[in-house]
Amino acid sequence: MKGHLWFPYAQMKTMPAPLAVAGAQGSKIFLTDGRVLTDGIAAWWTQCHGYNHPHIVEALKEQADRFSHVMLAGFTHEPAERLAARLAKLLPGDLDHVFLADSGSVAVEIALKMAVQYWINRGQKRRKLVAFRHAYHGDTLGAMSVTDPQEGMHSLFAGYLPEQYFLDLPVDAATLRACDDFLAEHKSEIAAMIVEPLVQGAGGMLMYGPGVLRDLRRLADRHDILLIFDEVFTGFGRTGTMFACDHDGAVPDIIALGKALTGGAVTMAATVARRHVFEAFYSDTPEHAFMHGPTYMGNPLACAAANASLDLFEQEPRLQQVEAIGAQMRHELEKCKAIKGVRAVRTLGAIGAVELDAVPDLRWMRARFPAYEVWIRPFHNIVYLAPAFTIMPDELRVLTDAVATVLGEWAERGAKQRAQPMQTDLDA
Ligand SMILES: *Cc1c(COP(=O)(O)O)cnc(C)c1O
């Protein structure tokens, strides 16, 4: 391998050559060799308005002309103030206190740290977290520690990662009971529970009903434990409502946002706390201050992009588009159910996932999609779509056709080739 770039989740020695990009617009990625791909996964779920939306591009240019960055300690600025106020207004309940950061993992890190310090400020040492099987919360240390131990390489990093508690998501009476019993027994050491509302994304696009969030809220209240929703993936319309927690009105104590926050233009994330959480830090005691501060906190370019993205949610019918995408995917992915080796097809908002009964040869499968002029990147035993909300019906049709075609080819390759050893390939 020539070159100096080290690529994500990649065995650099054997990875296929990456595709060189010359540009992107809407749901299209233009390659330097002249090929054009329709993006089925919106650049890891970030491009909710499609690539290069003119309103966001314009906002970035205007802000770049004024100032690209200034530190947020000792200074404040209109783009950050405005973004915080708008997020507080959009989020349910009294999720009113917005801490800006750089990436989803960091937003999760901040949420966990905030939960632990919340209890310290209240005179209690609670350092453990409860997370759920199949969870994915990011790649930094704290975020990894609450990511599923089997899928999250806990054994590889044993001794380095803090050890947390993992429970089954309480999706039925037995698991709800188990969760309740566990919290009753351990609550004096537990700072918070963290969960991805409605869909566990990188853990396999596993979907569950909104009643589970209500139950978790009830358990958190009963045992006096903070509840954190990681909406880095689900936030900003992906599940059909602005935030996944809007489906049933369960308000977490802390919420983590990222990915589509800027419409995918610039990296940025946010951790937002409810008033009672904020108040545990708000005192005459200097040591009660929240001890965190990313260098690029509140980056004005990112804030400008995020504000422009929120404008688009106000001005354009994004949630209706999500609904239409969901309906079309539900209809068009239906035919995948007849393909041998397909275990399940599920959709939620603008997410469509096909689960296979074995982990395919991902190297082979990932290479097949560009042959049909689409960008789809299966992981583990999941082939999924999570396109931009502005995707056109005919573009979406190309994507669903490609999924069915490639899965058909995979089925034909036969059971022998299908049964690959389990890969440690984690990426989504
Ligand atoms: C992607 C993701 C993260 C991590 O975000 P990064 O920006 O990659 O650090 C955390 N939680 C969830 C649910 C995610 O989907």
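Can you tell me which residue among 159, 104 is farther than 19 Å from residue 225 by Cβ and surrounded by 20 or more Cβ atoms within 10 Å (Cβ to Cβ)? Give the derivation first.
Values: 159 fails: surrounded by 20 or more Cβ atoms within 10 Å (Cβ to Cβ).
After ruling out the rest, the residue left standing is 104.
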Quiz item: Among all residue pairs at least 6 apart or on different chains, which show Cβ distances below 6 Å where the first residue, located in region 186-203, is over 13 Å from residue 167 (Cβ atoms) and touching a residue at least 40 places away in the same chain (Cβ under 8 Å) and the second is away from the ligand (no atom under 15 Å from the Cβ) and charged (D, E, K, R)?
Solution: 189/126; 189/128; 191/126
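Taking residue 68, is it polar (S, T, N, Q) and within 16 Å of the ligand (Cβ to nearest atom)?
Numbers: polar (S, T, N, Q): yes; within 16 Å of the ligand (Cβ to nearest atom): no.
Against the criterion (polar (S, T, N, Q) and within 16 Å of the ligand (Cβ to nearest atom)), residue 68 does not qualify.
To keep it simple, each residue is scored yes or no on (1) more than 16 Å from the ligand (Cβ to nearest atom); (2) touching a residue at least 40 places away in the same chain (Cβ under 8 Å); (3) surrounded by 18 or more Cβ atoms within 10 Å (Cβ to Cβ); (4) not charged (D, E, K, R).
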{"site": "181", "(1), (2), (3), (4)": "yes, no, no, no"}
{"site": "213", "(1), (2), (3), (4)": "no, no, yes, yes"}
{"site": "218", "(1), (2), (3), (4)": "yes, no, no, no"}
{"site": "228", "(1), (2), (3), (4)": "no, yes, yes, yes"}
{"site": "245", "(1), (2), (3), (4)": "no, yes, yes, yes"}
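Could you count how many residues in region 267-294 are more than 12 Å from the ligand (Cβ to nearest atom) and either in a loop (DSSP other than H, G, I, E, B) or of a type in the set (Phe, Trp, Tyr) (or both)?
Matching residues across region 267-294 total 13.
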Quiz item: Is there a residue being buried (at least 19 other Cβ atoms within 10 Å of the Cβ), of a type in the set (Val, Ile, Thr), farther than 17 Å from residue 402 by Cβ and out of contact with any His (no Cβ under 6 Å at 6 or more places or on another chain) anywhere in region 342-353?
Solution: no
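Assess whether residue 46 counts as being buried (at least 18 other Cβ atoms within 10 Å of the Cβ) and either within 16 Å of the ligand (Cβ to nearest atom) or of a type in the set (S, T, N, Q) (or both).
Values: buried (at least 18 other Cβ atoms within 10 Å of the Cβ): yes; either within 16 Å of the ligand (Cβ to nearest atom) or of a type in the set (S, T, N, Q) (or both): yes.
Yes.
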Self-check item: Number of the exception - residue 410 against (1) in contact with an Asp or Glu (Cβ under 9 Å, 6 or more places away or on another chain); (2) over 19 Å from residue 368 (Cβ atoms); (3) modelled with pLDDT of 95 or more
Solution: (2)
Quiz prompt | Pairs where the first residue, in region 150-165, is under 18 Å from residue 193 (Cα atoms) and the second is assigned to a loop (DSSP other than H, G, I, E, B), C-beta under 7 Å, 6+ apart | solution = 161/154; 164/146
Self-check item: Near pairs, Cβ below 8 angstrom, 6+ apart or cross-chain, from region 129-142 (free of Cβ contacts under 8 Å to residues at least 40 places away in the same chain) to any residue that is among the acidic types (Asp, Glu) and within 11 Å of the ligand (Cβ to nearest atom)
Solution: 140/109; 141/109; 142/109
Self-check item: Total residues in region 150-179, condition among the aliphatic types (A, V, I, L, M), within 16 Å of the ligand (Cβ to nearest atom) and in contact with a strand residue (DSSP E or B) (Cβ under 8 Å, 6 or more places away or on another chain)
Solution: 1
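The values are calculated or read from the model by the stated rules, or taken from the named source; none is laboratory data. The model shown is predicted, which means the values in this text are computed figures rather than measured ones. Neighbour counts run over all protein chains shown; Cβ positions are idealised from the backbone, glycine included.
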